[in-house]
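Heads up: the structure comes next, in structure tokens.
All of the numbers you see were taken from the coordinates with simple rules; none came from a lab. Since we're looking at a predicted model, the values are computed, not measured. Neighbour counts run over all protein chains shown; Cβ positions are idealised from the backbone, glycine included.
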Amino acid sequence: MPWFKGNLHTHTNKSDGDSSPEVVISWYKKNKYDFLVLSDHNHLTILKNNNTDLLLIPGEEITLNFPHAIHINAIGIKRLIEPTLKTSKIKTIQANIDNIIEAGGLAEINHPNFRWAITGDELTKIKGAHFLEVFNGNYNTHSYGGGGKKSVEEMWDQMLTEKIKIWGVAVDDSHHFTGEFSATRHNPGRGWIVVFAKKLTSESILKSLRNGDFYFSTGVKLNEISFSDNEISIVISGDEVNPGIANSFITDSKYTSQLITNNGEVLDEKYGKKIKFKLPTLKEEYKYFRTKITSSTGSIAWSQPIFFN
Ligand SMILES: [Zn+2]
Ligand SMILES: [Zn+2]
């Protein structure tokens, strides 16, 4: 099955991005993405004349900033969804997710650590969301946690351990396409997903997204990943580094791959570019298995969890 690279979270000047949808689209096209979601704040950005081979999947970042920063991406929607405020934080998150599902879209919980708005404990009370932003490209969304605050990856493990099926994603949340590209600007090319789908159509990509048929990355590129009842097999290709600056591809990195289960416990760790993890024969105590591949460059690829019970 072919693999398609895409970004689920991008802004244009239809909200607080610095560039027109056309400029944003051309950046992603030039950098060899296959599909893109333009997710402006409380705005459904749809181009009438899209003369590009970059597939655009309609989206919106449903945005509430008071009393809490609750931002939920609606992906694959056909109409604008107005933000809904309820009497509690959890009710507000849930109501917006429910609205997305009712509109036929996929719901992504964005950057929970932005203004430290949502905790792991709160996330375990939310139902029906499809994706969690394990990595968001902006420094002020604090993907890695710290100072006693969980990383979003730790929150993801907490949810999976509570048997909440939710797929992880890496996204750009890009706003800045002009001027200097630097760590303190919200530039594109930092986090993406690679989807295994029959063909490059909205229908096919959305179906694979719903099923969790994708991995997500901040640079590490995979050639192969396959799952069976007793084994996960991975072949690493290399590292894509700094798209938009150098478009470089690094092949001499060293890789550490981990097999991860309940509450983030590392069951096994291997080195090299060709990895095979044997899964335990008795699986009852394991809620899920997932893998994480870290490069010596610092970039990471994550596979989706697989479940046996
Ligand atoms: Zn946001
Ligand atoms: Zn955003």
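Quick notes on this structure:
- Which of L200, S226, G212, positive extreme of dipole for segment 200-242 (C-beta unit charges): L200
- Among S248, S217, S174, residue whose mean-square fluctuation peaks in a GNM of the chain (springs only between Cα atoms under 10 Å): S248
- Distance distribution note for segment 94-213: the fraction of Cα pairs above 20 angstrom is 48%.
- Placing +1 on the Cβ of every Lys and Arg and -1 on the Cβ of every Asp and Glu, with no other charges, gives the chain a dipole of roughly 340 debye about its Cα centre.
- Prolate/oblate/rounded label for segment 220-309 (Cα gyration tensor, a/c 1.5): prolate
- Neighbour-count order for W3, W156, W116, fewest beta carbons within 10 angstrom listed first: W116, W3, W156
- Karplus 3J(HN,Hα) series, Hz, for segment 260-266 with 6.51 cos²θ - 1.76 cosθ + 1.60 (x for Gly, Pro): 10, 9, 2, 6, x, 4, 8
- Segment 220-309, relative contact order in percent, only Cα pairs under 8 angstrom and at least six apart counted: 27
- For segment 139-168 and segment 1-56, distance of Cα centres in Å: 26
- Considering only the chain, percent of DSSP beta bridges that pair antiparallel, nearest 5: 80
- Cα centroid of segment 193-216 to Cα centroid of segment 291-309, whole Å: 18
- The calculated pair-distance distribution of the chain uses every alpha carbon pair, bins of 10 angstrom beginning at 0, and gives 6, 28, 37, 23, 5, 0 percent.
- Here segment 1-142 is treated with +1 on each Lys and Arg Cβ and -1 on each Asp and Glu Cβ, and its dipole about the Cα centre works out to around 100 debye.
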